[in-house]
1. Keeping all protein chains in place and using 1.4 angstrom, which order do Arg202, Arg373, Arg81 fall into by accessible surface area, from largest down?
2. Considering just Cα atoms, how many Å³ per residue does the convex hull of region 273-364 enclose?
3. When the Kirkwood radius is taken over all Cα pairs of region 535-616, what Stokes-Einstein diffusion coefficient follows at 37 °C and 0.692 mPa s, in µm²/s?
4. So what does log10 I(q)/I(0) come out to for region 319-474 at q = 0.08 Å⁻¹, using the Debye formula with one equal point on every Cα and no solvent?
5. Scan around Ile689 for amide H atoms under 5 Å from its own, H built in the peptide plane at 1.01 Å from N, and keep only partners 5 or more places away or cross-chain.
6. Per residue, what volume in Å³ does the convex hull of the Cα atoms of region 291-340 enclose?
7. Mind checking the full-extension length gain between Leu452 and Lys400? Use 0.36 nm per residue of separation minus the Cα-Cα distance, one decimal, nm.
8. At 10 °C and a viscosity of 1.306 mPa s, what translational diffusion coefficient does Stokes-Einstein give for region 603-647, taking Rh as the Kirkwood radius over Cα pairs? Give it in µm²/s as a whole number.
Amino acid sequence: MTDLMTETTVGTLHHLEDHRAAPVTLLKTPETEQKAPAPAEAVDRPDNPLADWLTVPDAPVLPAWARSTASIKANVTAFVRLSWWQARYHGIRAPKYLVKTLLLAARGFYRATVGLWPTLSAQDHSATVKALRAQAKAKPEDVELAMRLQLAHASRTRTRRWRFGAAAVGVAAATIGIMLADPLVQTGMAGAIVTPLAYLGRGKETQFLDQGAPPLRVDMSAQQLNDALRAAGLLKSGRASDDDKDAPRVSCSMGPVRDGRGWAVIFDLPRGGGKTASDVLAKREVIAQELGVDEIQVIMSRVRAAKGGNAGRVSMWVADDDPYLGAPNPSPLAKAETFSIWDPIPFGQDARGNRINVPVMWQSMFFGGLPRRGKTFTQRLMTAAGLLDAYVRHYMADGKGGADWMPMRAVAHRLVMGAEDAAVQALKAMLAELLIEMERRFAILRELPTSLCPEGKLTPELVRLKNMPVIFVTIDELQEYFTAMDRDDREQVINDLCRIARRGPAAGFVSNFASQRPDAESVPTKLREIITLRYSTQVVDKASSDMVLGKGKAAQGADASVLSEDHVGTGVLVTGPASYVTVRADYLDGPGFAALCAKGRALRQAAGQLTGDAAGDVTAAADAAGLQLAPILSDALEVMRHSPRMFTTDLLAGLVNLDEDVYGDFNAERLAAELEAAGVKRTSKQVKISGTTLAGYQRRDIEGAVPAEILLG
């Protein structure tokens, strides 16, 4: 993974060859030729009795779970979670344990009574009396024997009396003491009596506590990992065990250990099997099935040489449950006052909860996926960051023409809504303006000294020094424009977009494009292939995923088709040829985005950077001034944004497209009545467009109904 995302750091393994002295080439001089040192002898010579001890490779002193702060924290967290689960599990069963304790105590009392009976009944004396009695029967004339028998019998009777008496007094005293004590003391005394009795009443098979196991989906072990890889065909057949030394198995350089809400392991495939880390990534679904989880819970990636890896080393994390469900994470941009577009943009979180920040300077972006999966909301996150930087100029086009991007009229230098003929022409004009600005900037950058422009690219200092703000080019529903154009216009627009995406970053242009399934017809390959950052929400299959993320990405593990309809706002982010991560994007709703647009307008007004369409937008000016325009005025001006005049039928169609619930039942008479009530005075009821004269409206007539204080700023 690149620095765009967080990844587990893998320690470098040290081999024997790393510790052997490398040959040193000395500069030859007469002195060095005469006094050349003798070559050092290797310590692992066969005749060296210490060779085995001296050549042992370095081994970690600490266990795997204690080698990093993150790992220690994850394991402590897992221990606390397990302890809390066990406390609740056994707490519910406390009444059952109490009954079991009393039953064991009763059995223990019986065993204690049986065990003490020989002592209480003086069985040792009884044996003597019985022996003497037998002798007396055999020799009744023996007077001395009769006396010994009488003495022994008296001793036995006396011993029984005081032993039983002592036991009775002890029981009575304990009973009276318990009855007279405080309840807390009574509980303690009862526990002190019952506990040893219950312990005495236990049996060999007695199990006092129920053996509860927390509901983990996966209890990872090296054996389970080997079995899963073997079932996936990544290891040779045959079950590896401790007795089978020749069976192939992976070697784990870390783990399996608990890592957050899952298990982490880094392993190397055995040599000689002809399998690589790429083969493991391609079998993600099979491995997940063998581990008993969904493939969305299995996060795998190659460990590159820079992280101490090799072509056969894989980092794998298996979540306990689906890591992309639950309440969405609010975007930190919603509460920010300002933001620098030169900093990485807060974008979302990965499966482990790590923050994902995406730098966009010198980049171009493409968003794709099925409708209603959060594609537009995610694309807006990138543009929202630019709203909070007064020195970012926005060029915005929305082929759908809905309400998602409507708040941008408060800040956008150019705003194109919809894909009708007038909007297509406005898009072409916007792109032509961008190309002219791009060439103007390159001409300026070429003339600047290296002290100001060391790399021939825009810098934060040049933004203000030369008044060249960063330009954010945002186009949503790109396929709508391409399908609405004829062939020549389509090719021209594609070439313009390619030039902006390819050359624009050095001049401070950030491209932010979005489309649904971008096949060759809707979004050409030559445009998609020059985009550096790609993000895809759920798609229908691997082929569609590759169309958004790049050819072959699904085979590498970057597959958006594994996402489900429940993963709204979650997608796969590709940041390089071999770098990707599944991200749950931050959530910024419509009102939050509108508030950022209003904040961005205020920032630009204070910095003198409010330009273009936003500077002359009467609706945005009214909102900024806290004045309320009649909704019909605001909506009619929005529909006529790209047209100085419009036929009544076209205006009605545009209003319905803007808000069908409000304008679905409007006709020409009702529209005229509503506009007249809002203060519109028509200079002419007929308008001429392309040689055709029909009933319609002039935009200047509708603007005339806007209060003068708004128009004057």
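The values are calculated or read from the model by the stated rules, or taken from the named source; none is laboratory data. Being a predicted model, the structure only gives us computed values, none of them experimental. Positions of Cβ are backbone-derived with ideal geometry, glycine not excepted, and every protein chain shown enters the neighbour counts. Side chains are part of the model used for accessible areas, which takes the heavy atoms of the whole protein and leaves out ligands, DNA and RNA. Shrake-Rupley method; radii C 1.70, N 1.55, O 1.52, S 1.80 Å.
1. Working: Arg202 105, Arg373 50, Arg81 85 Å².
Largest accessible area first, the list is Arg202, Arg81, Arg373.
2. Details: hull volume 13.8 nm³, N = 92.
Expressed per residue, the convex hull around the Cα atoms of region 273-364 is 150 Å³.
3. Reported coefficient: 217 µm²/s.
4. -0.30
5. Counting only residues 5 or more places away or on other chains, the set is Leu694.
6. Values: hull volume 6.8 nm³, N = 50.
Once divided by residue count, the hull of region 291-340 is 136 Å³.
7. Working: separation 52, 0.36 × 52 = 18.72 nm, distance 4.19 nm.
Result: 14.5 nm gained on full extension.
8. Numbers: Rh = 11.7 Å.
Roughly 135 µm²/s, to the nearest whole number.
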